[in-house]
Structure formats: C-alpha cells, structure tokens
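The values are calculated or read from the model by the stated rules, or taken from the named source; none is laboratory data. Owing to the predicted nature of the structure, the values given are computational and were not obtained by experimental measurement. Using ideal geometry, Cβ is built from the backbone for each residue, glycine included, and neighbour counts are taken over all protein chains shown. When the accessible area is computed, the model is the full protein with side chains, heavy atoms only, and any ligands, DNA or RNA have been set aside. Shrake-Rupley method; radii C 1.70, N 1.55, O 1.52, S 1.80 Å.
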Amino acid sequence: MTWKKISGLGVVLAFVALLGFGLTLDPSELSSPLVGSAAPGFRLEVLEGGGSRDSVGLAELEAKGAVVNFWASWCLACIQEHPALVRAWRRYEREGIQMVGIVYQDRPSAARRYLERYGGGWLQLMDPGSRTAIDYGVYGIPETFFIDSAGTITHKHVGPVDDQVLDREIGRLLSGAREAEASPASETGMRAGEPPDAGGSGALGPEAPR
Amino acid sequence: MTGPGRTLTLAVALVGALLASAVASGAQERSPEELDALTKQIASQLRCPVCRQLSVEDSPSDLAREVKGVIRDKLEEGATPEEVRAYFVSKYGEWILLEPPKEGFNLLVWVTPLLALLGGGTFLAVQLTRWMRREEDGSPGRVNASFLLILALALTAGLTACGDALPDHVKEDARRRQLRELGVEHVEPTGGARRAGVSAIRRIDLEPLDPSALGEDTASAAYHRFLHRCGACHEAPAPSQHTASEWSAVFTRMHRNIEDAGLIPVSGPDREAILEFLGRHAKEK
C-alpha cells in the first residue's frame, strides 16, 4: 500500500514539476536556430542610403560586422527603437560596422517618409515578398541580427533594441574582428561568409533564380 | 499471335510506359494541381509565424501568404516536401511545425495525454469494481467520499441533460416510484424527491448498523421507531457513529429534511425515544 502511495505521489510530483518548469519559460521568447550559423545571403533593391548602387548583396558588405534590422513604417516598436539605432550608426559606422535596414511589408513611399521624419542615413533595402525576412526567420518586427566579419550571425534581438544591447553586441563584433585581424590564418571581410547558407541544397538557396 | 498473348504484350507495354512517365514526372515537374495540393498540405502543417495558433494555410496574415509563396516556389524548383519543411525548421526552429516531431522531449506531449487517459480509466475501473464487489457482499461499506464527488460531478452534466429531456409525466412517475420505494406514501413534497435522492447517495458514507452490537435493545420499541423513521430515507446508521450531543444535532438536521420533503413529522414522544435510544449506544466522547 505504501509503495503505491509513494509511486502515486511521485507521478503527481513529476507532473507538477513539469508544469512548474513550463512556467519558467516564456513562450514568446523563441531562440533562433540561425544564431551561430552563416547569415542567409540576399540581394535586394536599395531604398536609399546605398550610394550609387541599385541593389546590394550581403556578400558585398565589406565590414567588421553588420547590424541587420528588419522594420516597417507601420511598426510602433520600430519608432521606439529608432533613436538607439541612429546613435549606434553615428557612433559605430566609422569603426567599420555596416548598418542595414530591411523594410518589411511596407510601401517604399511610406518607408521613405518614415526615414525623412525619424532620420538615419544607413543602407536601406526593400524586401518585396518578404523572402529575405523568411530566410532570416523573422516572425515579428522589429528584429535585429548581428553578423560578424565571417558572415556568422552572433546574436538575434527580437523587439525594440536599446543602446545597451547595441553597444554590447556591436562591441562583440568589433572585438571579434580585432582578434581575426590579429591571427593571420583567418580571412577578414564579409566575403569570408560566402557562399551564404542555403539550407544545403542549391534548389533551396535564397539566391536561386525565381 | 494469339489473342491473350497480344493482350499481355500490350499490357506490359502500357505499364512500362506509365511507369516511365511516372518516374519522369516524379523527378521533374509536378502539375499545377499537384503543386496546389502539396502547398496546401505543407502550409497546414506549418505554424503562422505571426499569429502562432493558426497554420500558415488558415492564417490571413501577409507573412503567411508570403510563406505559402515560398513553399510553392521551392516545390516548383523541385524540392521535396521534407526539404521544404526542413528549410522552415532551419530558419525558424522546431516551433514552426504545428505538430512537434515525435522524438526526444516532445514525446511527452504525445504520450502524456494517453497515459493520463489510461491511468484515469484504470483508476475508475478499479474503484467501481471494488464498489460493486462490496455491494454484492451485502455490505454497502464505505466508499471514498471524494471519489463519489468526482463521479457525481462527471455524471451530473449528462444526467441533468437527460432528465430535462424527459416528458413531465415520466419524470413525475419516476419521482413517485422513487418515493414509494423509500417507503413514503404521503406526498406532495416540494423538492423532496431530490433530497431523498441525495440522502440515498449519502447513505453509502454511513457506518452501517450492526444489530448484534445493540444486544437486547433490538427488542425495544425505540429501536423500531428508529429503524422506521431514520431508515425510511436512508439506511439506518450505526448509533456508535456519533456522540449523544452530535446525534441531537443530526436529528435536528434530518428533521428539517423531513419537513422540507413534506413527510409526516416525528412526534415529540417518538423524537425523545429515538434520541434516548441513540444516546444509549452513542460513541463515548
């Protein structure tokens, strides 16, 4: 009789422990499988800020690291994070960090108006059909990806970024780039990440002809 | 060449041609209808990244539409459904699949409900068998009150629904019969049938009466009054179940039920006789 009670209690306790464990997790916090792997490649049309270029691919960005930010003019949280992005751009562009905005499900005219209003002169790309966003596993903007000089995603931030996150993650990118420069064996520049991850099969590659 | 022989040759040729075309189409292109069906099938297995609780197929969001476009494009490029699913898992993680894969930690999601159902069913079966065995022995015994409560709760919804569906004259008949079985001829009770029913259920939790413990008192008039009145609606309980002062309170409570049910009240002398009898055999403090 006693062992029955003990085993019954054990089952109940195990179940409660399982539910308790579930309570410690946040279902809206989804870790991206992309962190630590090569950033998906892209070739997108420039909205503005790209200089003379019509379109830009990830591989062309020669930098010590890149910050790729998915945003839209209809996104309130994007307006909230925008000042921090502007500050990071002013501070880190000259240190070799390439900032890239990718406009998500928005009209170019609306995106342009947004930029006129809130400022920021970094590279802005259009993503019609959200193909690049899907390649990056974007589920709710704003989402910000930090990519090192080897083309690897080092961090993904979901929701509005702040100075703290930007400083910390960009700092990691810069120190990583310094280490890479110090060791002669490794290449520098975003090209090292080429070819971009394409899910293993050429037919599935984001750069495959459509 | 004979008839059957020619037919056979033709059949072999036909099957061969069909196989060849099937292999070719499998490796190369799918028809637009096939593509639509496959896209739909895969889209219904993927979680919409925006709304989460809907599938990509069911979601009205823009992103879901784009995801469907990606699925279709990849299929057109010759990717297998597995490859398409693997692509989305590699981008979004496992949560993009509406049905978690049946492996590792995820197995819990699949196995736990089944185990719970099995466990609950076994528990119910064991308890019911025990209960019924006791009834067969002739000793109603004591059934775990909480078990009864659970059973009652589980059944209430269904029973109420059934009861309400019955025609009024059937319900009235059932009520009268129930009362008659309880030894109650006198009627127009208000809510009495219900209360009697409740008492009938409650009797199972009573300590059953053991006449041999009462000795010669079973010959007394008080004993028979007790049996007649207290045993009318529920089984006559063992007097040793309560102390004398508790019995007084129980009697008052029971008498309220009698009044509510519209039954004949217990007369003053009867009441004293019954309480005296109970007091003689009551539990010591």
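Work out the P(r) tail for the stretch A:99-183: percent of alpha carbon pairs separated by more than 23 Å, whole number.
Within the stretch A:99-183, distances greater than 23 Å cover 30 percent of Cα pairs.
Show me the three semi-axes of the equivalent ellipsoid for the stretch A:39-185, from the C-alpha gyration tensor (sqrt of 5 times each eigenvalue), largest first, rounded to whole Å.
Taking √(5λ) for each eigenvalue gives 23, 17, 14 Å, largest first.
Return the tail of the calculated pair distribution for the stretch B:232-285, meaning the percent of Cα-Cα pairs more than 13 Å apart.
Pairs farther apart than 13 Å: 60 percent.
Which order do you get for B:Trp131, A:Trp71 if you rank them by accessible area with a 1.4 Å probe, largest at the top?
So, going from the largest accessible area down, we get B:Trp131, A:Trp71.
In the stretch B:246-266, whose amide N lies under 12 Å from the spot 7 Å out along Cα-to-Cβ of B:His228? List them in ranges.
Backbone N within reach: B:266.
Quick one: ranking B:Met254, A:Met126, B:Met132, A:Met99 by accessible area, 1.4 Å probe, largest first, what do you get?
The most accessible residue leads, giving B:Met132, B:Met254, A:Met126, A:Met99.
Have a look at the stretch A:96-142 and give its Rg and Dmax from the Cα atoms, expressed in angstrom.
Considering the stretch A:96-142 through its Cα atoms, Rg and Dmax are 11.3, 30 Å.
Express in Å², to the nearest 10, the accessible area of A:Trp74 obtained by rolling a 1.4 Å probe over the protein heavy atoms while all chains stay in place.
Estimated to the nearest 10 Å², A:Trp74 gives 140 Å².
For the stretch A:1-47, report the % of Cα-Cα distances exceeding 13 Å.
Details: 805 of 1081 pairs.
When every Cα pair of the stretch A:1-47 is considered, 74 percent fall beyond 13 Å.
Could you please report the charge total around A:Ala133, scoring K, R as +1 and D, E as -1 over all other residues with beta-carbon less than 14 angstrom from its beta-carbon?
Once positives and negatives cancel, what remains is -2.
Any idea of A:Glu45's accessible area? Nearest 10 Å², probe 1.4 Å.
130
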